[in-house]
Amino acid sequence: MSSTGGNGGGASRDNGEDLDSQPLRPRPIRFISPAALNLSRVYEQNRQRIQKKDGPKVPDPMTPQTKGKPRLLLMGQRRSGKSSISSVVFHKLPASETLFLESTARIQKDSLNSFMEFQVWDFPGQIDIFENPAYSFDMDAIFGEIGALIWVIDAQDDYLEAVTRLNITILHVQRSYPHINIEVFIHKVDGLSDDYKLDIQRDVTIRIQDELSDQGIENAPVNFHLTSIYNHSIFEAFSKVIQKLIPRLGQLEAMLTNLCRTCRFEKAYLFDVNTKIYIATDSTPEDMASYEICSDYVDVIIDFTEVYGSWPRTQQWRDRLEGEPWAQPLEDQVACEWAESGMVLADAQRPIMLREVDRFLALVAIMKEGSYEKMPQINMNVDVVVKGLTEFFEITKPRGGGGGVVGGQGGKGVVSPGVAPAL
């Protein structure tokens, strides 16, 4: 036993001193901001509510802590639409131009710098990584840090072979990597009737579950989505996939639910503006029409910004604006550091507001008729929530790691707990 002194030397029993008589050095006091305390309180309340409803849940010890960027794997049969999905969602390619994409011949790896730094791997459909003797793959390198495996099935083609390969893939993955979420995109359903879509989804679900049950695998993490690149369903499906990769998602949902209740919003979304994926929403029932309106609104704002706000500024241009008669830096001339916009829908007279959180995220809310009369108090509530969101992503950001959720601005200043009184 030794005690370290102030000069780095050790005081031991050999020097004859009584260690118990030495005064103990007080430990440094850790400061926790009010926003962090409020976030922890909301998360704990939400956790207790879920436990009362579903019973206590034990964390899965099989779930690894990824050290790099979380990875999304796009797999499926050839010509099922994997490259089109990646191009439309993550590269903003118009859906009509995907007809000219060539078939993928090798694994395509894209690193995306969004609110969450992650990778998208597009696997060629002609390569079977499990049962192809011509190729040798490092399974740990592929599945070790995977966030989700997305299997794409062409609903307009014969999908029996695709379902068979999917079952083989699930069986291999479940044996070695049971923590991986498997998302099945039943794709190209835009030209099918609603009844036929549901029939295909039901048939695919039964075939997969029956095969897994025959192999002794119950309750595998397999989810099914009906998707198309010609409407918002593909963004809705990716939103569900990405939300499962966000730590403490319930905390975000509780913050948005509290904001909607206080400001009497009909619906609120937290959007990743680059992909139009919403990473969180409030607890009210999901409405596809509301999501489509908010998503289109984000598109309009992005297009407007690219036209009027994205050209390169030279130093000469900046010096001219900072000179006389203003004689101050541009940062001091700007009234606020965030962007805000709003519009009113002509049909229902419902205002829609957009508030920038950071350069990756935006809060979009559908307000009720007549809400513009109370905009000062609404803006005050939104200010508090936006500051809480920035601090949330700063808290959940991995320390010293390159992956995971990242905050745009970090938590600046101290955030008051809660929101303003109800309107």
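Just the residues that are of a type in the set (Ser, Thr, Tyr) and in contact with a helix residue (DSSP H, G or I) (Cβ under 7 Å, 6 or more places away or on another chain), please, taken from the stretch 177-202.
Within the stretch 177-202, the first condition is being of a type in the set (Ser, Thr, Tyr), and the residues that meet it are 177, 193, 196.
Of everything in the stretch 177-202, just one residue is of a type in the set (Ser, Thr, Tyr) and in contact with a helix residue (DSSP H, G or I) (Cβ under 7 Å, 6 or more places away or on another chain), namely TYR177.
Answer with yes or no whether LYS53 is modelled with pLDDT under 85, in a loop (DSSP other than H, G, I, E, B) and either open to solvent by 70 Å² or more (accessible area, probe 1.4 Å) or farther than 26 Å from THR164 by Cβ (or both). It would help to see each step written out before you state the result.
Values: modelled with pLDDT under 85: yes; in a loop (DSSP other than H, G, I, E, B): no; either open to solvent by 70 Å² or more (accessible area, probe 1.4 Å) or farther than 26 Å from THR164 by Cβ (or both): yes.
Taking the combined requirement at face value, the residue does not satisfy it.
Out of ASP210, ASP214, ASP282, I need the residue that is buried (at least 16 other Cβ atoms within 10 Å of the Cβ) and among the acidic types (Asp, Glu). Which one? Among ASP210, ASP214, ASP282, only ASP282 is buried (at least 16 other Cβ atoms within 10 Å of the Cβ) and among the acidic types (Asp, Glu).
Inspect the stretch 110-118 for any residue being over 28 Å from GLU394 (Cα atoms) and either charged (D, E, K, R) or touching a residue at least 24 places away in the same chain (Cβ under 8 Å) (or both) and give the result as yes or no. Lay out the reasoning, then the answer.
The initial filter retains those residues of the stretch 110-118 that are over 28 Å from GLU394 (Cα atoms), namely none.
No.
Right, THR390: at pLDDT 65 or above, of a type in the set (Val, Ile, Thr) and surrounded by fewer than 20 Cβ atoms within 10 Å (Cβ to Cβ) or not? Considered against the rule, which asks whether it is at pLDDT 65 or above, of a type in the set (Val, Ile, Thr) and surrounded by fewer than 20 Cβ atoms within 10 Å (Cβ to Cβ), THR390 comes out as no. Among the residues of the stretch 320-378, how many are aliphatic (A, V, I, L, M), part of a loop (DSSP other than H, G, I, E, B) and modelled with pLDDT of 80 or more? Of the residues in that region, 3 qualify.
Report yes if ASP190 is at pLDDT 90 or above and surrounded by fewer than 16 Cβ atoms within 10 Å (Cβ to Cβ), otherwise no.
Values: at pLDDT 90 or above: yes; surrounded by fewer than 16 Cβ atoms within 10 Å (Cβ to Cβ): no.
So ASP190 fails the test.
Yes or no: the stretch 354-369 includes at least one residue that is open to solvent by 90 Å² or more (accessible area, probe 1.4 Å), free of Cβ contacts under 8 Å to residues at least 24 places away in the same chain and farther than 14 Å from SER295 by Cα. For the stretch 354-369, residues open to solvent by 90 Å² or more (accessible area, probe 1.4 Å), free of Cβ contacts under 8 Å to residues at least 24 places away in the same chain and farther than 14 Å from SER295 by Cα: present. The set of residues in the stretch 87-116 that are touching a strand residue (DSSP E or B) at 6+ places or on another chain (Cβ under 9 Å), basic (Lys, Arg) and surrounded by 12 or more Cβ atoms within 10 Å (Cβ to Cβ) is empty. Of the listed requirements (1) crowded, with 20+ Cβ neighbours inside 10 Å; (2) of a type outside the set (Val, Ile, Thr); (3) at pLDDT 55 or above, GLY407 misses just one: (3).
Is it true that GLU253 is open to solvent by 30 Å² or more (accessible area, probe 1.4 Å) and assigned to a helix (DSSP H, G or I)? Lay out the reasoning, then the answer.
Working: open to solvent by 30 Å² or more (accessible area, probe 1.4 Å): yes; assigned to a helix (DSSP H, G or I): yes.
In short, yes.
Surrounded by fewer than 21 Cβ atoms within 10 Å (Cβ to Cβ) and of a type in the set (A, V, I, L, M, F, W, C): does that describe LEU166? Give the steps one after another, and end with the answer.
Numbers: surrounded by fewer than 21 Cβ atoms within 10 Å (Cβ to Cβ): no; of a type in the set (A, V, I, L, M, F, W, C): yes.
Here the answer is no, as LEU166 does not meet what is asked.
Just one residue in the set GLN126, GLN119 is touching a Gly at 6+ places or on another chain (Cβ under 9 Å) and either open to solvent by 50 Å² or more (accessible area, probe 1.4 Å) or part of a strand (DSSP E or B) (or both); that residue is GLN119.
Just checking, how many residues over the stretch 181-207 are touching a residue at least 60 places away in the same chain (Cβ under 8 Å) and of a type in the set (S, T, N, Q)?
Start the filter on the stretch 181-207 by keeping residues that are touching a residue at least 60 places away in the same chain (Cβ under 8 Å), which leaves 181, 185, 187-188.
Those left that are additionally of a type in the set (S, T, N, Q): 181.
So the count comes out to 1.
Being assigned to a helix (DSSP H, G or I) and more than 19 Å from the chain's Cα centre (by Cα): is that true of VAL298 here? It is false that VAL298 is assigned to a helix (DSSP H, G or I) and more than 19 Å from the chain's Cα centre (by Cα).
The values are calculated or read from the model by the stated rules, or taken from the named source; none is laboratory data. On a predicted model such as this, the values are computed, not experimentally measured, just so you know. Every residue, glycine as well, gets a Cβ built from its backbone with ideal geometry; the counts of neighbours run over all protein chains shown. Ligands, DNA and RNA are stripped out before the accessible areas are found, and what is left, the full protein with its side chains, is counted by its heavy atoms. Shrake-Rupley method; radii C 1.70, N 1.55, O 1.52, S 1.80 Å.
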